[in-house]
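Shown next, in structure tokens, is the structure this report addresses.
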Amino acid sequence: MEELSRTGFERVVVDRDAAGAARSIVVVHDTRLGPALGGVRVRPYPSEDEAVSECLALARAMTVKAAAAGLDLGGGWSIIPADVSDKTPERLLAHGRAIATFGGRFIPVNDIGTDQADLRKIGEVTSPVCAQGDPSPWTALGVSAGIKACTRFSGHADLRGLRIGVQGAGNVGSALVRLLVQDGAEVLVSDVVEERATALAAETGVTVVDPGELPTSELDVFAPCALGEVITPDTVDDLRCRIIAGGANNVLASSDLAGRLRERGIVYAPDFCVNSGGVIFLQAQILSHTEEAARKQVLKVGDVISDLLERSESRGITTTQAADELAQARLDEA
Ligand code: NAD
């Protein structure tokens, strides 16, 4: 187990196999508000450095997300850098043992490439783990509340007739599509695994779009619900949407892109706030709150986004800066 020193992070660990290859990365960014909650992501990376970088960015985003949502949780993240086909029970147990060295300061939850059965396997060797109740529908509920806050801010009383593009027909994306259809939006969906998009379209009547075309389609709302870094310096000027609000983490490849979006008049709901419904639900579970209480808390994501949009407008700052300030104020208090 190798400890990496990274400024501003409480602990960064890389667990290696006998050949020296990274088999697990676990990061705890900040536990001033409470134990760090974070995903377990399984996917291949071109290099160990890229896997560590993503893990650090996601851990930090979790701290800000929990703080901005008013939760008593910190931020962390963990990665198994492998193809999902190599996700063996032994690998999950090794990951659990790496997490166990944090002594309960990191609470893992499922993310891309993992499900609750995987979390239960990890829970055989470490505690606590979040393995009950899928947070994805709650993340989607929060995103839909955030989208409505953005469209209201742009002068639309409701979603009827608005053209919304959802990138990714996975756990969050598909739940979001169902909610948007119920609200009368015209929904376009894309997924690199085409059958996921077509199955969702067959169920809901939405339109399937080529994954390469969706981000730059003419849209009222672009909702990224796949991987991060969707908006890059190369793509930002090609966007033809009025609002960006989705479930994915780390939507912007770099934070300065929030300024470019603002210059272009594109309303941006900071990812770590608009996608906080799942974390809100998980804290409600940890505290044994009822589902109805959790629902009310998750719907408040809309109020947080409205507040950030107003602060951004009145103070001439980006919505991301407004969200960072809100989170930092809570962390400083702690
Ligand atoms: P998922 O793996 O179930 O779904 C992601 C989907 O995106 C997959 O179907 C995948 O094929 C598709 N995809 C990948 N690249 C794509 C591309 N370029 N274009 C179109 N589709 C693409 O994952 P999920 O649990 O739905 O999470 C989606 C995102 O939301 C992730 O970034 C995750 O970190 C974030 N998130 C999830 C939750 C949650 O509750 N699950 C909470 C907060 C944030």
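The values are calculated or read from the model by the stated rules, or taken from the named source; none is laboratory data. Only a predicted model underlies this, so the values are computations on that prediction, with no experimental measurement involved. We place every Cβ from the backbone using ideal geometry, glycine too, and count neighbours over all the protein chains shown. Ligands, DNA and RNA are excluded from the accessible area calculation, which covers all protein heavy atoms including side chains. Shrake-Rupley method; radii C 1.70, N 1.55, O 1.52, S 1.80 Å.
Things to note:
Table: residues versus (1) free of Cβ contacts under 8 Å to residues at least 60 places away in the same chain; (2) more than 11 Å from the ligand (Cβ to nearest atom); (3) assigned to a helix (DSSP H, G or I).
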{"site": "D234", "(1), (2), (3)": "yes, yes, no"}
{"site": "R242", "(1), (2), (3)": "no, yes, no"}
{"site": "N249", "(1), (2), (3)": "no, no, no"}
{"site": "G259", "(1), (2), (3)": "yes, yes, yes"}
{"site": "F272", "(1), (2), (3)": "no, no, yes"}
{"site": "A284", "(1), (2), (3)": "yes, yes, yes"}
{"site": "H289", "(1), (2), (3)": "yes, yes, no"}
{"site": "A293", "(1), (2), (3)": "yes, yes, yes"}
{"site": "S306", "(1), (2), (3)": "no, yes, yes"}
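- When restricted to residues that are crowded, with 20+ Cβ neighbours inside 10 Å, farther than 17 Å from F222 by Cα and not hydrophobic (A, V, I, L, M, F, W, C), the range 176-209 contains 0.
- Here T139, T151 are screened, and the one residue that is within 9 Å of the ligand (Cβ to nearest atom), buried (at least 19 other Cβ atoms within 10 Å of the Cβ) and outside any loop (DSSP other than H, G, I, E, B) is T139.
- Here S53 clears all of (1) over 20 Å from G277 (Cβ atoms); (2) in contact (Cβ under 8 Å) with a residue 12 or more places away in the chain; (3) part of a helix (DSSP H, G or I); (4) open to solvent by 10 Å² or more (accessible area, probe 1.4 Å) except the condition numbered (2).
- Test: residue in the range 116-127 that is open to solvent by 10 Å² or more (accessible area, probe 1.4 Å) and closer than 21 Å to A69 by Cβ: no
- Count of residues meeting criterion [more than 22 Å from K148 (Cβ to Cβ) and either of a type in the set (G, A, S) or modelled with pLDDT of 95 or more (or both)] in the range 212-233: 6
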